[in-house]
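Structure, as structure tokens:
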Amino acid sequence: MKIIIAGDGEVGFYLAKLLVLEFQDITLIDTQKDKLDFAEKDLGIATITGDSTRYKVLKQAGVESANLLIAVTSVESSNITTCLIGKKLGAKFTIARINNMEYLVDRKTLDLKDLGIDELISPESLVTREVRYILRSPALKEIFNLHDKALYLMGLLLEEDTYLVNKTIVETAGLIPHNSFMIVAVHRNDTTIIPTGDLHYHKGDLLYFVSTEEGKNSVIEYAGKKTKGIKNVLVIGGSRTGEYIALKLSRYYNIKLIDKDIEKCNYLAKNIPNVQIVCGDGTDIKVLEEERLEDFDAVVSVTGNSETNIFTCLIAKEYGVKKAIAMVENIGLFDYSQKMGIDTLINKKMAAANFIFRYIIKGRVLTHLYGVDARIQEFTVKKNSKVTKKPIKELNFPKNNIISGVVRNGQGYITLGNFQIKAEDKVFIFSLPQSNSDIDPFFN
Amino acid sequence: MTFPHHNKFDIFKMLLKQIGSLQILLSIIMVVPLIVSIIYGEYYSASGFLISSLICIVTGFSLQKGFQTSFEPLHRHALIIAALGWLSIAIMGSLPFLITAYITPTDVAKQFCQSGTDYTSSLYYFKNPLHAFFESMSGFTTTGLTMAVHEPSIGKGLLFYRSFTQLLGGAGFIILSIAVLGQSNGKVALLLYGTESTGERLKPSIIETARSIWKLYLGITLFSFVYLVIGTHIILPGYKFSENIFDSINHAMTGQSTGGFSTLDDSIAGYHSLKMDMLYLLPMILGSLSLPFYFKVIYNKQINQFWKNLQTRSILILCLLGSIILSLMLMKSGVISEPFRTGIFQFVSALTTTGWQTSDVHIWDGPSIVFIVMSAMVVGGAAGATVGGIKIIRVLLIFKGIFWNITNFFSSENSINVVRFNERRLLPDEMNKELASAATFSYIYLLFVLISALITYYFMDGNFTITDALFESASAQGTVGLSCGITNPEMSPVLEFTYIIQMWTGRLEIIPVLVLFRTILFGTKPKIV
């Protein structure tokens, strides 16, 4: 598997870092030599200095034999050009990062696939989608759509003294409506555990469930949370992410957006209908008080500075805001900010990387969760493979891996012990990094 | 390399040259009523047009050839050209009235009067140059106030000329010169275009824009003509067909230009038919809608503009509500026999600034007069149409601004409160700017109406009231043309002159005239106020 990444920016570098764990043949292209030197030393990957829109540079990177060409520079037009040229030169699959949402909105009329770009990604719109999911079920800490509205992965925090605390999973099994969801992981004291029936829930546990569409509300009920309705949302920071969140979510919520820069505020006020724009410093408590911070149900802080976002969210929590979402681009800050009490973290790089992983061979989806050391993989079951022979409980599946749901003919199923997997099913496996045993043979 | 040096006289040369080309245009225009006069066998009128046309063309050519300069007009000059140009056209346009009045023998003029009537031909009022000037100004500015007491008695040729001046004045003389002559370069043309219209570009080039405006304008006039001929024929089958054609052609021109001159002695009331009153509502409303709106509907096939276009929607709603309210007020006062017929027709006529009259406003009660002045005559139709008045878009903007200002008290200091207006989103700064210019204009406008109302009050006959004065003044300023009787050939010359100034400023939206005065008094140098 040969992968070329054009653009050694935040997304590009993070992507390379994740991909290098799985694949060896990765080439990074950028115009800045010092950045590439760092990547080369740190990740041990091949690098090429030059403009990725140049034929020569792509040729030098070996684009003819590339399975995947990912263009993620900060310049949209250069990403598009890179993909167009790359495809012509023989790259099998191309992905371009874009900033202009028009390409995503008018996908049908503007079919870039015809031209040679197989997939467009826009980290901003991916993050917006995450925010939208979270605001829809604010009791959750995270939510991922595993498969087209059939299966969801949901993460939530066990707080206070709810019914579940100090009980085992088996004891509470009666609360689970028939086959609607299952628990797949518990994150406790910085370690992730794949639970067994006799595990006790503790206060402060971060629980991960896989649920069908119908089971979503049951999960929230099971964990003793109430479904809180969100009406008023305060967005802090008018970056592209903030702009896109305001634009997309103004249909569902009353949104107020704060930004420091008057030029930017004017631009946003002119272009985003039905959103109240305020020009002021989102970290200034006086400003936030004047905007009546306590009246908001949710705060989404998406300024360019991770620390500012964390800080603003802490203030918001202090004022009794139900849901605080911070955009944290610095991954090093993840653990601490979660501990400090910020409800949800979002990260453009991870959102983009997760999305791109869907296109990497073996048919796998790798979803890296925020602050949790685990991943989810997707397998399509081949005919006569081992997994189709027996029900799950008799499979003797390797430790630290759990079969967490199946999609059959577009319908999501929760896989308890006596579930029988068939050929052509899409199976989702939740696994911990310490599990080095190979699960591939089960499916081939 | 040397730069062309311009002195003070170059500006005058440039102005005179521009005026010259407008005069040439005017002389060509006079050929049309000349032909009409010949068709109707009115040879004295025809000679009047011929002489006037010759005077215009000689003046025009001597100005154009006599004042050669490379000086190109700037923005402030564009306004001066508009103000002076219109003035010069109104002055030269009065020649046919004046000359025909002097050369037509009494027995010929007597033939114009309908048989069985005993008045002398109104043609002779035009022997007074001020009356001729008044008539011409009223025509070109699409007002419709008249010195011809008995309209038919001035002859078909002059009647046609009056209507024709309104048609030309309606869409704009300068636009016509851009469209026909096309001699100005793009920048100058744009400046000039902006002075008499909204400045909305319909096509990439201004000359193309001007041409398409004229095409649309004439197209709608033609539609009105056909509509009126057929309508009149159905409603009044006994009406003489040749008269029908002549009336309809004139009324189509004065309706589309919202001018309101009529070929009948008692305007539309002359038909003595309720159905005819209702028939004439449509041409007025058509004339009050903006030409860019028609462009969007006809060329771009945007039928939804009927309810999406703010101005069109507002005019239609205002027509409906206003005419109901006025009718009810008239009904309550009890002085009018058919309050609904009068109320609807007069409100539409006033709002669209057309000025066709079916009722003697003088006998109306005070509140009804004040209502029609405030809610119709002062407001006027859509910007970009041929109407006068403050224009509905400014009125809406000011109301929106008041609401916006009050709402602002409820949001925090740092909030940027955007105003949605006419499919645009205005930032606070932009809104303040728009609001300031709309409010300034409206204020000056109302000031003009009030000052003139006071002048009217002191110079009018004793049997009129202050509300009559207000009505007449608002009518002149808004280029409406409804009259309660103050305007007549016996009126004080001071008052007549005041109305001439009002019509002139009303058509050009005041500012160009003020710029002209500023230039005359202080020159064109910038100055700290």
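If exposed GluC sites (Glu not before Pro) are those in a DSSP loop with at most 15 other Cβ within 10 Å, what is the longest stretch of chain B that has none?
Maximal segment without exposed cleavage sites: B:1-412.
Using θ = phi - 60° and the Karplus relation 6.51 cos²θ - 1.76 cosθ + 1.60, list the HN-Hα couplings for the stretch A:62-77 in order, rounded to whole Hz, with x at every Gly or Pro.
Those phi angles translate into x, 5, 4, 9, 6, 7, 9, 10, 10, 9, 10, 6, 7, 9, 4, 5 Hz.
Considering every residue in A:267-280, what mean count of other chain Cβ atoms within 10 Å of its Cβ is obtained?
Details: counts 1, 2, 8, 7, 2, 2, 3, 2, 1, 6, 6, 7, 4, 4.
Partner-chain Cβ atoms within 10 Å, mean over residues of A:267-280: 4.
Skipping prolines and chain starts, which residues have an amide H placed within reach, meaning under 5 Å, of the one on A:Ile121, given they are 5 or more residues away or on another chain?
Distant-sequence amide H within range of A:Ile121: A:Ala96, A:Arg97, A:Ile98.
Tell me which residues come under 5 Å, amide H to amide H, from B:Ile416 once H is placed; ignore anything under 5 positions away on its chain.
Those qualifying (amide H under 5 Å, at least 5 residues apart or on another chain) are A:Ile277, A:Val278, A:Cys279.
Please list 3J(HN,Hα) in residue order for the stretch A:184-190, calculated via the Karplus relation 6.51 cos²θ - 1.76 cosθ + 1.60 where θ = phi - 60°; whole Hz, with x for glycine and proline.
Couplings: 10, 7, 10, 10, 9, 6, 6 Hz.
Given a cut-off of under 8 Å on Cα pairs at least six residues apart, what relative contact order in percent is computed for the stretch B:340-441?
RCO, the stretch B:340-441: 19 percent.
How large is the dipole of the stretch A:1-51 about the Cα centre if only Lys and Arg carry +1 and Asp and Glu carry -1, each at its Cβ, rounded to the nearest 20 debye?
Using only the charged Cβ atoms, the result is roughly 80 debye.
Please report B:Met331, A:Met154, B:Met431 as a ranked list, fewest other C-beta atoms within 10 angstrom at the top and most at the bottom.
Listed from fewest to most nearby Cβ atoms, that is B:Met331, B:Met431, A:Met154.
How much length, in nm to one decimal, is gained on full extension between A:Lys399 and A:Lys270, taken as 0.36 nm per residue of separation minus their Cα-Cα distance?
Gain on stretching A:Lys399 to A:Lys270: 40.8 nm.
Once label points are set 7 Å from the Cα along Cα→Cβ at both A:Arg54 and B:Phe223, what is their separation, rounded to one decimal in nm?
6.1 nm
Can you grab the distance from the C-alpha centre of the stretch A:201-231 to the C-alpha centre of the stretch A:301-336, Å, no decimals?
22 Å
Translational diffusion coefficient, Stokes-Einstein: compute it for the stretch A:209-275 using the Kirkwood radius over C-alpha pairs as Rh, at 37 °C and 0.692 mPa s, and state it as an integer in µm² s⁻¹.
For the chosen part, D equals 236 µm²/s.
In Å and on Cα atoms, what radius of gyration and Dmax does the protein assembly as shown show?
Spelled out, the Cα radius of gyration and Dmax of the protein assembly as shown are 39.7, 124 Å.
Taking amide H positions as placed in the peptide plane 1.01 Å from N, state which residues far from A:Ile236 in sequence (5 or more) or on other chains have amide H under 5 Å from it.
Here the answer is A:Ile258, A:Val300, A:Ser301, A:Val302, since their amide H atoms fall under 5 Å of that of A:Ile236.
Evaluate the Kirkwood expression for the hydrodynamic radius of chain A, namely the inverse of the mean inverse distance over all pairs of different C-alpha atoms, and round to one decimal in Å.
Radius from the Kirkwood sum: 23.2 Å.
I need A:Cys83, A:Cys279, B:Cys56 ordered by Cβ neighbour count within 10 Å, fewest first.
Working: A:Cys83 29, A:Cys279 22, B:Cys56 25.
Exposure proxy ranking, most exposed first: A:Cys279, B:Cys56, A:Cys83.
For the stretch B:255-322, run through the chymotrypsin sites (Phe, Trp or Tyr not before Pro) and keep only the ones in DSSP coil with at most 15 other Cβ atoms within 10 Å of their Cβ.
B:Tyr299
Which of the lysines could a cross-linker bridge to A:Lys426, judged by Cα under 22 Å and excluding same-chain residues fewer than eight apart?
A:Lys149, A:Lys216, A:Lys362, A:Lys382, A:Lys383, A:Lys386, A:Lys389, A:Lys390, A:Lys393, A:Lys399
Check chain A for me: any Cys whose beta-carbon has no other cysteine beta-carbon within less than 4.7 Å?
Within chain A, the cysteines lacking a partner Cβ under 4.7 Å are A:Cys83, A:Cys313.
Tally Lys and Arg at +1 and Asp and Glu at -1 over the other residues with C-beta under 13 Å from the C-beta of A:Gly282: what net charge comes out?
-4
Return the loop-located trypsin sites (Lys or Arg not before Pro) in the stretch B:286-328 (DSSP other than H, G, I, E, B) with at most 12 other Cβ atoms within 10 Å of their own Cβ; answer none if there are none.
B:Lys301
Name the residue from B:Ser205, B:Thr440, B:Thr479 whose Cα lies farthest towards the positive end of the charge dipole of chain B, charges +1 on Cβ of Lys and Arg and -1 on Cβ of Asp and Glu.
Result: B:Ser205.
For the stretch B:447-495 and the stretch A:72-116, write down the distance between their C-alpha centroids in whole Å.
70 Å
With point charges of +1 on the Cβ of Lys and Arg and -1 on the Cβ of Asp and Glu, referenced to the Cα centre of the stretch A:232-351, which listed residue (A:Cys279, A:Tyr319, A:Asn232) lies farthest in the positive direction of the dipole?
A:Asn232
Within a 10 angstrom radius of the beta carbon, how do B:Val32, B:Val379, B:Val515 rank from fewest other beta carbons to most?
So the ranking, lowest neighbour count to highest, is B:Val32, B:Val515, B:Val379.
Within the stretch B:108-148, report the chymotrypsin sites (Phe, Trp or Tyr not before Pro) that DSSP leaves as loop and that have at most 14 other Cβ atoms within 10 Å.
On the way: sites: B:Phe112, B:Tyr119, B:Tyr124, B:Tyr125, B:Phe126, B:Phe133, B:Phe134, B:Phe140; in loops: B:Tyr119.
Listed in order of number, the matching sites are B:Tyr119.
Gain in length, B:Lys127 to B:Glu423, computed as 0.36 nm per residue apart minus the alpha-carbon separation, to one decimal in nm?
Taking 0.36 nm per residue and subtracting the Cα distance, the gain is 101.4 nm.
Not counting the cut sites, what is the longest span of chain A without GluC sites (Glu not before Pro) that DSSP labels loop and that have at most 15 other Cβ atoms within 10 Å?
The longest uninterrupted stretch comes out as A:215-423.
How high is the relative contact order of chain B, in percent, with contacts defined as C-alpha pairs under 8 Å that are six or more residues apart?
15 percent
Pull out the extension gain between A:Lys41 and A:Ile193, defined as 0.36 nm times the separation in residues minus the alpha carbon to alpha carbon distance; nm, one decimal.
Here the segment from A:Lys41 to A:Ile193 would lengthen by 51.4 nm.
Could you work out the relative contact order of the stretch A:2-121? I mean the mean sequence separation of Cα pairs under 8 Å and 6+ apart, divided by the number of residues, in percent. The partial results should precede the final answer.
Details: 236 pairs, mean separation 27.7, N = 120.
About 23 percent, as a whole number.
Over chain B, what per residue volume does the convex hull of the Cα atoms give, in whole Å³?
172 Å³
Can you work out ³J(HN,Hα) from phi for every residue in the stretch B:135-148, in order, using Karplus 6.51 cos²θ - 1.76 cosθ + 1.60 and θ = phi - 60°, giving whole Hz and x for Gly and Pro?
3J(HN,Hα) across the stretch B:135-148, in whole Hz: 4, 5, 4, 4, x, 5, 8, 6, 7, x, 6, 9, 9, 7.
Tell me, what is the FRET efficiency for B:Val370 and B:Ile39 to the nearest 0.05, using R0 = 60 angstrom and their Cβ-Cβ distance as r?
Once the sixth-power term is evaluated, E becomes 0.85.
Values quoted throughout were computed directly from the atomic coordinates according to the rules given, and no laboratory measurement underlies them. None of the values given here were measured: they were computed from a predicted structure. Neighbour counts run over all protein chains shown; Cβ positions are idealised from the backbone, glycine included.
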